[in-house]
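**Q** One structure is given below, represented as structure tokens, and several questions about it will come after.
Nothing in this text is a laboratory measurement; each read-out follows from the coordinates by a stated rule. Just so you know, these numbers come straight off a predicted model, no measurement behind them. Cβ placement follows ideal geometry from the backbone for every residue including glycine, while neighbour counts extend to all protein chains displayed.
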Amino acid sequence: MRRNWLGLRQTVNRNRTQVAILAGVTLLLLFALGGMSGGDWVITVLRGLAVGAVVFLVAAGFSLIFGLMDVLNLAHGALFMIGSYVGWTVYVRPDTAIDVITPLLLLAAGFGWMPLWQALLARVHLTSGVRRAAPWAGLALALALFAFSATRYPIAAWNPDVYDASPIVYAIAMDSGQEVIAQAPQVDGVTAALSMAGILVAGSLAAASVALVGHGQERRARRGEMRRAFTLGLALALSGVAVYALNEPLTRLIFELNTTWRFLIAVAAAVASGFFLGGLMEMTLIRPLYLRPIYQLMLTLGLAVMIREVVITIWGRPQITMPKPALFAGTGTGCPAQNLDDLLAHQCSTISFLGTRIRTYNEIFIIVVGLIVLIAIWLLLQRTRIGMIIRAGVQDRQMVEALGINVRRVFTFVFALGVGLATLGGVLAGPALGISDDMGESLLLLALIALAIGGLTSYPGAAVGAVLVGLLQQFIIKYGQVGIQLPFMTEPLKPSPPLVPASAVLLMVVVLLLLPNGLFGRKE
Amino acid sequence: MTPYNRHSMNNLLEVLDVHTSIGQFHILEGVTVNVPRGSITALLGRNGAGKTTTLKTIMGLTPPRRGQVLFDGQPIHAQHTFDIAAQGIGFVPDYRAIFRDLTVAENLQIAERKAGDLARKGELIFQLFPDLKRLIHLRGNQLSGGQQQMLAIARALVADNQLLLIDEPSEGLAPIIVEQLMEAIVQLSAATTIVLVEQNFAVASQLAKHYVILEEGRSVRNGLMTDLVHDHATIQRYLGVM
């Protein structure tokens, strides 16, 4: 007992500033309780935590990537946005999502055969001029072939330029329970087969062009590796064809599912796409630039701009909504729920508490998922070998390598994981905050501020910083409605809306003035 | 025979006329070090002579621009650091590089190359450094300098390493701890070949059987330590001691 107490005192002494700030935040929260009704206070805290959870998902991935690889991934916000849009597509238009699986699998098959292309190219002797020009010519040709073939493959798409066929209308229709399965353009089997073959060739050509860039530097692939690559590519291509053949039953199956299940599939698809995109990005774009940090900044910034333009082209510029899954959308009898039993029985969208209504998705579900991820990643970092390597690598990559560990392989995993967390944040934020092409930038800014507050490479710092930013914003919004009674002022002060984004920056300035390395940062 | 072919089976490691640049600075300008199996070879020389860079070049952390590094007869100078280490080379850098967010136990676990490495080597490690057993749950940043040095050497022992590169183990440590470390290194040298960088000539001369003297990035003298201790002129000229 006594020893425990001493241990606690030591901890407090060592982390005096952190303890003081924690106490200050608690005092401020208690003070706020005096200034508004209990219900208002609870809902503001919950909203703050929910915003904090989304910011945390982006910030945690960003900080893992920066900590281990020193890469400032400025495209992280754009990737967060991709999570939203991919999730939206799988959720609202699963027919389109299934239609695009086949072209994607065929493209991937071409890249899966990469070792074969490398081996093939190694046998051809190329002059240096050809070697320099061929990859670009190959990529251009592959792109043209892909565009030609993919537009002939039947995809039931929307049209952002026509209101009746725009994403907004499909979302509204789904929300009101009337789902229309859009008809895919009808094509005969021969056209479909030809377009699939075209996509497969385009993917192979693109992969071969990429393989040519590193021509002569790659070590020779072993026979076993080649066989595995061949099987992988073949499996991808065949499953692409299988999805084409089973397209209609699959679509019907998904439309018959409850929206809760569909939402789960959407979340899984968003996370998987983030994981895949992150891995691909590290392997192709980031890896050649580890020694050139400025180029990385320019690359990721440019990528963010490009992703945003692609998103606008595909989904259109206006904000689109994502209906809430059935589990959190109940409004009929027994709603708003008075207690937990009611809530579970009627799957209410809101629950009554202290005179206000708490929205189950926005103010409870997001926080719960955020907490689960917080704990899961913490366990991964603390309890697994790969987590141990990440923690060690954040401090001293060279020493980890000198122990015989290939850190580069861990890099790809961490990049994929970080982007996967961002896309998870994106798909979760969709039903709560709405989806628009500027959501990525504003969230990346919040995440960067949260990291500056918490300490750039500290995992608990990312969580605490994100929650502080979320709470501060939501309290300022609330005070804008109810007013805050400050001493020496006759009338309550109502902070104006522009103060909401400014407050996060101000908080960062204050924290950094007191603690230049952030709350949990380390002096470097 | 050309100098590049004179590999002798008695040498576990051969550094042959290595040149290394860091940025635009030419740090090593011709270093040759032969490390015979089963003994301690000391790299001697003044500050900035290139001793640490030689070790880093062997590890592939600063790859050589010219020259060869042969480990067990095989060239390793073009390989990645992790491949070099995995062939059986343990590295104890001068700044110790203890992972401060990892506990002592984790600092040892991370060095495992095969499952069960630590279980097999634990007895040896804790017999050499009994203190570590007591500190096993502390974090790296809670250890004293001497404890960190012991952990850094222990970490290099977890995997099956044939060669240990130890950089300045006695730097900044109290004499009693230096003695403890020296004892441990002597014990280790019975089974493992060691390359030792040591500023303290008294320490180096007691431990090492062979020596190589570096000056301004070149290897200038080598031989048996028993000969060097009597060669006051050489010691005076290159090491500036005694």
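**Q** Estimate the FRET efficiency between residue A:491 and residue A:297 by the formula 1/(1 + (r/R0)^6), using the beta-carbon distance for r and 56 Å for R0, to the nearest 0.05.
**A** Efficiency for this residue pair is about 0.75.
**Q** Assuming 0.890 mPa s and 25 °C, estimate D for the protein assembly as shown with Stokes-Einstein, Rh taken as the Kirkwood radius over Cα pairs, in µm²/s.
**A** After rounding, the answer is 81 µm²/s.
**Q** Taking the number of other C-beta atoms within 10 Å as the exposure measure, put B:80, A:76, B:230 in order starting with the fewest.
**A** Listed from fewest to most nearby Cβ atoms, that is B:230, B:80, A:76.
**Q** On C-alpha positions alone, give me the angle between the axis of helix A:189-213 and the longest principal axis of chain A, in degrees, nearest 10.
**A** That helix lies at roughly 80 degrees to the long axis.
**Q** Please identify, among B:164, B:43, B:135, the residue showing maximal mean-square fluctuation in a Gaussian network model of chain B using a 10 angstrom Cα cutoff.
**A** Answer for the Gaussian network model of chain B: B:135.
**Q** Normalised by the number of residues in chain B, what is the relative contact order in percent for Cα pairs under 8 Å and 6+ residues apart?
**A** 27 percent
**Q** What is the order of B:205, B:170, B:144, fewest Cβ neighbours within 10 Å to most?
**A** Exposure proxy ranking, most exposed first: B:144, B:205, B:170.
**Q** Given Cα pairs under 8 Å that are at least 6 residues apart, what percent is the relative contact order of chain A?
**A** With pairs under 8 Å counted, the relative contact order is 30 percent.
**Q** What percent does the relative contact order of the stretch A:324-434 come to when contacts are Cα pairs within less than 8 Å and at least six residues apart?
**A** With pairs under 8 Å counted, the relative contact order is 15 percent.
**Q** To continue, here is another question. Among B:40, B:22, B:213, which one shows the highest mean-square fluctuation when chain B is modelled as a Gaussian network with alpha-carbon springs under 10 Å?
**A** B:22
**Q** Now a separate question. Quick one: A:93, B:120, fewest Cβ neighbours within 10 Å first, how do they rank?
**A** By the 10 Å Cβ count, ascending: B:120, A:93.
**Q** Now for a separate question. How many angstrom lie between the Cα centre of the stretch A:323-359 and the Cα centre of the stretch A:452-524?
**A** Cα centres, the stretch A:323-359 to the stretch A:452-524: 31 Å.
**Q** Rounded to the nearest Å, what's the spacing between the alpha carbon centres of the stretch A:93-129 and the stretch B:61-75? Just the number, please.
**A** 37 Å
**Q** Would you pull out the residues with amide H under 5 Å of residue B:66's amide H, same chain only if 5 or more places away, H placed 1.01 Å from N?
**A** B:19
**Q** Which FRET efficiency, nearest 0.05, do residue B:137 and residue A:396 yield, Cβ-Cβ r, R0 25 Å?
**A** Computed FRET efficiency for residue B:137 and residue A:396: 0.70.
**Q** Take every DSSP beta bridge whose two residues both sit in the protein assembly as shown, then give the antiparallel share in percent to the nearest 5.
**A** Once the DSSP bridges in the protein assembly as shown are tallied, antiparallel ones form about 60 percent.
**Q** Placing one identical point scatterer on every Cα of the stretch A:86-270 and ignoring solvent, what is log10 I(q)/I(0) from the Debye formula at q = 0.08, 0.14, 0.17 Å⁻¹?
**A** Result of the Debye calculation: -0.34, -0.86, -1.08.
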